[in-house]
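These notes concern the structure reproduced below.
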Amino acid sequence: MRASFHTFGCKLNQFETEALASAFRGQGFSLVDPAEEAEVYLINTCTVTGKSEQKARRFIRGLARERPGALLVVTGCYAQLDPRALESLGPNVAVVSQADKSLLLDLPRRLQEGGGGRAEALRGRGGQPDPFGFQVERYSFHSRAFLKIQDGCDRRCAYCRVPLARGGSLSLEAATAVERARALESAGYREVVLVGVNLSAWRNGVGTPQGEAGLGELLGRLLAATTRVRLRLSSLEPETLKPALVQALRDPRVCPHFHLPVQSGSDRVLLAMRRRYRAEQVRRAAGLLRSARESPFLAADLIAGFPGETAEDFRLTYTLAESLGFAKLHVFPFSPRPGTAAAGMAGKVPERVRDERVRALTQLSDRLAQEYRRGWVGREVEVVLEKRHDPSGSPVWTGVSGNYLPCAVRGVPEGPAGRMVRARIESDGDPCEAKFLAPA
């Protein structure tokens, strides 16, 4: 039997899809591209923006029409919050909530044993969901590994729907995280990305008081338990950079790439968003990260057009992003999400104005990104190789450096994906052209 997978959304979703794909492969399924014919398609959805939901609906509707004889299993955060909208997209669409997603790890076995009784296999799923039950024997879509250490969020920011879909914050026990990191290193992976909804909320065990061991202590334990693998953090809340965490970030095996969900540079807007920091704490966080590592890649999320955002509020956001020299801005046009406080807020920003602000921030991001890449020309980086290309018969490997620069490396000896190499950056393009120096 053949199975196909398609993921919308964050690195956490990508990891959970990888675990499901690993389970299907382990039961003898062949994995094929979504454009190819398969008996089972699994679509992992996102609810962060209205656009992500729209893309998912369009994709599922088209696939249901093109593959009427296939089973389309739809899961993820959007599936948790609006299952009826997804079920209506086709008679062969079966929706499994985000809460029950881990139960799909047993679906390939039931499909194989059920002799093609696909509906019965879905109805017969049992057991207790386990948000940390996702594990990958061999990655299908990534050369870098993921380690899920946290899920859910307790924050209830005014614009965010994710806590409604994933529930409150949960943490993987430190001992289990260490065991899984060791296993990934033993399997040959050179980079492990720590993922969660809110990594900064990690505590050693479910329900552990906030004063107990946090992310800095976990990083220390992971570094002590491994020797060759490098660790990358998916994101950090600006106000959570405590001394233990900053100290752990100094280790050369922690990637100098840090993502801050800033959202706005206006204290007034941050208050309305129910964020727990103000612009000055963002500046402090950027300073601490730059004190921990030389020339790190700093990225930020920003929302343009939040209800009540004035021209002055936007100016403060633009100025903050420019002055801090972020290497990448992930810019989101505000869209009201059902069930969130911001959906009913007054002071809607006209779409034309919102989109103008998005364009201005996107142009700023392009400029800042090129300036950051230019600063690395002539310097050495360590790149995890992801994909081989053969332009004009001359092999080039693309991959990602420790400081998150996409690189096209020439002169790499024959070998598999997933290796780490040392390379010298020779251009500020995107990707940067780089020359192979030696294995790392």
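What follows is calculated from the coordinates using simple rules that are stated; it is not laboratory data. Note that the structure is a prediction, hence the values are computed from the model and not measured. Reconstructed Cβ throughout: ideal geometry from the backbone, glycine too, with neighbour counts over all protein chains shown.
Based on the inverse mean of 1/r over its pairs of different Cα atoms, what is the Kirkwood hydrodynamic radius of region 363-407, in Å?
11.9 Å
In order along region 163-174, the phi-based Karplus estimate (6.51 cos²θ - 1.76 cosθ + 1.60, θ = phi - 60°) of 3J(HN,Hα) comes to x, 5, 8, 10, x, x, 5, 10, 10, 6, 4, 4 Hz; Gly and Pro are listed as x. The gain in end-to-end length when the Val32 to Arg424 segment is fully stretched comes to 137.6 nm, 0.36 nm per residue minus the alpha carbon separation. Its Cα centre serving as origin, the chain has a Cβ charge dipole (Lys and Arg +1, Asp and Glu -1) of approximately 360 debye.
Under a Gaussian network description of the chain, with springs only between Cα atoms under 10 Å, the residue in Pro413, Pro338, Pro83 that fluctuates furthest is Pro413.
Can you pull out the cysteines in the chain that have no other Cys Cβ under 4.7 Å? Here Cys10, Cys46, Cys77, Cys153, Cys255, Cys407, Cys432 come out as lacking a disulfide-compatible partner, given the Cβ-Cβ threshold of under 4.7 Å.
222 nm [θ] for the chain, helices only, -39500 (n - 2.57) per DSSP H run of 4+, per residue, to 500?
Values: 14 runs with 151 residues, N = 440.
Counting only the DSSP helices, I get -10500 deg cm²/dmol.
Sequence-ordered 3J(HN,Hα) estimates for region 183-194 from the Karplus curve with 6.51, -1.76 and 1.60 and θ = phi - 60° stand at 5, 5, 5, 5, 6, x, 6, 9, 9, 10, 9, 7 Hz, glycine and proline given as x. Ordered from longest to shortest, the equivalent ellipsoid semi-axes for region 380-439 are 15, 13, 10 Å, each the square root of 5 times a Cα gyration tensor eigenvalue.
May I ask for the Rg/Rh ratio of region 137-252, computed from Cα atoms with Rh as the Kirkwood radius, given to two decimals? Kindly include the intermediate steps, with their values, before the conclusion.
Numbers: Rg = 14.2 Å, Rh = 14.8 Å.
On the Cα set of region 137-252, Rg over Rh gives 0.96.
Here the Gaussian network model covers the chain, with springs between Cα atoms less than 10 Å apart; of Arg203, Arg232, Arg373, Arg373 fluctuates the most. With the charge dipole of region 2-123 set up from +1 on Lys and Arg Cβ and -1 on Asp and Glu Cβ about the Cα centre, the Cα lying farthest toward the positive end among the listed residues Pro108, Cys46, Ala19 is that of Cys46.
Over all directions, what mean area does the Cα convex hull of the chain project, stated in square nanometres?
Value for the chain: 21.4 nm².
Judged by the mean number of other Cβ atoms found within 10 Å, the most tightly packed of the peptides 219-228, 31-40, 387-396 leads the ranking 219-228, 31-40, 387-396.
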